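Below is one structure, written out as structure tokens, with a few remarks after it.
The values are calculated or read from the model by the stated rules, or taken from the named source; none is laboratory data. Quantities reported herein were computed from a predicted structural model and do not represent experimental measurements. Cβ coordinates were reconstructed from backbone atoms using ideal geometry, including for glycine residues, and neighbour counts include every protein chain displayed.
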Amino acid sequence: SESFASPLNESNVTLSDIEQCYEIGRVVGDGNFAVVRECRCRDSGQTLALKIIERSKLIGREHMMQNELSLLGSLCHPRIVRLFAHHHTDTHSYLVMEFVSGGDLFEAISEKGKFSEVEAGIMVSDVSQALSYIHCKSIVHRDLKPENLLYFLIKIERQTDGICRLKLGDFGLAMVVTEPVFTICGTPTYVAPEILLETGYGVLVDIWALGVLLYILLCGFPPFRSRERDQEELFQLIKQAHLHFLSPYWDPISEEAKHLVRTLLQPDPLLRLTAEQTLMHPWVKAMISICQEGVLTDEKHRALQAEEQSERLPKPAADTLPDNKLISTEGVPIYNAELCIDGQPKMEADRRQTIKTPPPAKIQQKNSSHLQLNPCKNDSDKGIQGPSERLSNNNTQSNQHL
């Protein structure tokens, strides 16, 4: 696992100290409260992500950042974005994080529309590994969605674009669960029915969100959607949890994949799969096996090519070796969550980019009629609608660690 040792103290540093330690580069993500830049450690040459938070914008919400620092800083897993260090000046906080080259999964869905079963299976496996790790520590993420999953590509045979491998980030809403939680928070498209029903919930709300994610990956639109983008109607549909596999979009999808979707989107959390059980699901194991065969075949193919090339070269003289603002039940605004109470969407039309995809779906920012569960991230929380609409994206940059 990648590691990093910062030469700076956590606090009482200046911007000059930061710049002497890090060569700060291009913006790889931005939001209302933070900007993320690619940076390089001057001592080691290591490429990192530097999340720069303007603390004046966090007044009254300081617990958001502290929550992420305390939880994410304690985690170390290949499927979770690492937090290596954090530094604080009088005005800003600088979070030194693992750099993930591809951007966020939302952007990948916006561009591609939907994914093959093998691709979706690998991504489900990656997320399940991350969830299994944090759930074993009694940590619930509470905001699992494409915007909070960062990806990098690996190349395998018969996959010209490569396969997305995922890392889970943004732990602003995460918490340790020791008893049922009743705080209403999340993102509307991905929120579990037990959250809306206020019956108390735990780590399995993350599994429901994983089910929604898998559904979207396979067909390009979410399982529960309001044609008029009416939030109350959406919540009613989620609570009813009537799952449909619309034709023709789901016709080519295997029954095994549909079975996993059903077991993840089980409205009764006691009957829902755990992260460990998801990893053991026959479809997930089959998709991983296919991917591994592709990697092995690809490596064998490259080795044969290298061998053939070496045989055509003249032999040397001697052989040589050659990653909604919602108000809680306590009346406190929830980090990474928002609920559009007045129903008035606030769209930035000049930043909207429409992308055609089969089947068409619409992804829009959280400044819309969707439940927003993060007042700190107004421009990075998007909702996915469809299948009767086009897919649109209001953010032109990736949202790493926002």
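Quick check, is T178 modelled with pLDDT under 95, within 30 Å of Q66 (Cβ to Cβ) and surrounded by fewer than 17 Cβ atoms within 10 Å (Cβ to Cβ)?
yes
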> Can you tell me which residues in region 55-102 are among the acidic types (D, E) and either out of contact with any Leu (no Cβ under 8 Å at 6 or more places or on another chain) or closer than 24 Å to Q20 by Cα (or both)?
Replying inline: E62, D90, E98
> Taking region 102-136, which residues are polar (S, T, N, Q) and either in a helix (DSSP H, G or I) or within 30 Å of T14 (Cβ to Cβ) (or both)?
Replying inline: S110, S125, S128, Q129, S132
>> Tell me which strands (runs of 3 or more DSSP E) are completely within region 1-79 and hold 2 or more residues being at pLDDT below 90 and under 27 Å from Q129 (Cβ atoms), or say none if there are none.
In response: 22-30
> From the residues in region 278-289 that are modelled with pLDDT of 95 or more and surrounded by fewer than 15 Cβ atoms within 10 Å (Cβ to Cβ), which one is farthest from the chain's Cα centre (by Cα)?
Replying inline: P282
>> Looking at region 139-156, I want the residues that are under 20 Å from F171 (Cβ atoms) and acidic (D, E) and have a partner that is part of a helix (DSSP H, G or I) and at pLDDT below 95 with Cβ atoms under 7 Å, at least 6 apart or on another chain. Which pairs are those?
In response: E147/F106
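Select from region 229-259 the residues that are assigned to a helix (DSSP H, G or I) and more than 18 Å from P193 (Cα to Cα) and list them in ascending order.
Initial filter on region 229-259 (assigned to a helix (DSSP H, G or I)): 231-240, 255-259.
Within region 229-259, E255, E256, A257, K258, H259 qualify.
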> Counting only residues that are closer than 19 Å to D161 by Cα and touching a Cys at 6+ places or on another chain (Cβ under 8 Å), which one in region 116-150 is surrounded by the most Cβ atoms within 10 Å (Cβ to Cβ)?
Replying inline: G121
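Condition check ((1) in contact with a helix residue (DSSP H, G or I) (Cβ under 6 Å, 6 or more places away or on another chain); (2) exposed (fewer than 15 other Cβ atoms within 10 Å of the Cβ)) across all residues:
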| residue | (1), (2) |
| --- | --- |
| R40 | no, no |
| T47 | no, yes |
| K51 | no, no |
| E54 | no, yes |
| G60 | no, yes |
| Q66 | no, yes |
| S74 | no, yes |
| R79 | yes, no |
| F84 | no, no |
